[in-house]
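Asks: Structure in structure tokens, see below.
The values are calculated or read from the model by the stated rules, or taken from the named source; none is laboratory data. Quantities reported herein were computed from a predicted structural model and do not represent experimental measurements. Positions of Cβ are generated from backbone atoms using ideal geometry, with glycine treated the same way; all protein chains shown enter the neighbour counts.
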Amino acid sequence: MPGSSKEWPRSTFRDGSPPGDALGDNGLLRAIAEGDRTAFRRLMERHARPMLALATRITGNPDDADEVVQDSFLKVWTLAAKWNSDGPAAFGTWLYRVVTNACLDRRRRVAFAPLEEAGDPPDPGMSGADVAMARQRDSMICAALDAMPPRQSQALALYYFSDLTAPEAAQALELSIPALEALLVRGRRSLRTILERQGITALGDLT
């Protein structure tokens, strides 16, 4: 894959533009459409790290997350010529949607990773029992997301597992903010019902 690397570049400013870099995402995409690998690398430097964090949270497996993000950027490379800079979504929000959908699809296709392999690196301040409980919590939530209607699981994953604001999540899903809020309400209700069937009555903010 052009510009791929296991050592993901550092993240930059939230708007996707590093200090002193005047070329925006749309400009880079135009250059990528012409085969510019340097532009592709610069686009990855802007977006890869937050996408990898999101993918790790949803898949529960760092290796799966890495593959999802690489596949998503490969899609960017191949579809750059078709990117509509005047479309309703910014590139970053579109990419969040691509990565979220790919992660949810992957979770439906493969078995869950062992708990000791899942989740983010342990917090040094957490005990072993706390780490295991946190990982089990994330695994149960992701399993429940798999059983939910796709649109609801997408909304919950984007809103709670990424660093998108509510307006950004709404834009990524091509919804108004009130429509997103209504979808989140239905999603939380579905999630709570699924978890209650397993004897789980509360799992933090999501329920």
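Asks: Just for the range 51-72: of the residues that are of a type in the set (Val, Ile, Thr) and modelled with pLDDT under 85, which one is surrounded by the fewest Cβ atoms within 10 Å (Cβ to Cβ)?
Replies: Ranking the candidates gives THR59 first.
Asks: Please go through the range 9-44 and give me each residue that is crowded, with 18+ Cβ neighbours inside 10 Å and either under 13 Å from GLY92 (Cβ atoms) or at pLDDT below 90 (or both), ordered by number.
Replies: If the condition is that a residue be crowded, with 18+ Cβ neighbours inside 10 Å and either under 13 Å from GLY92 (Cβ atoms) or at pLDDT below 90 (or both), then SER11, GLY16, ASP25, LEU28, LEU29, LEU43, MET44 are the ones that fit.
Asks: Which one of LEU158, LEU180, LEU195 is at pLDDT 85 or above and either out of contact with any Phe, Trp or Tyr (no Cβ under 9 Å at 6 or more places or on another chain) or part of a helix (DSSP H, G or I) (or both)?
Replies: Step by step, each of LEU158, LEU180, LEU195 is checked, and only LEU180 is at pLDDT 85 or above and either out of contact with any Phe, Trp or Tyr (no Cβ under 9 Å at 6 or more places or on another chain) or part of a helix (DSSP H, G or I) (or both).
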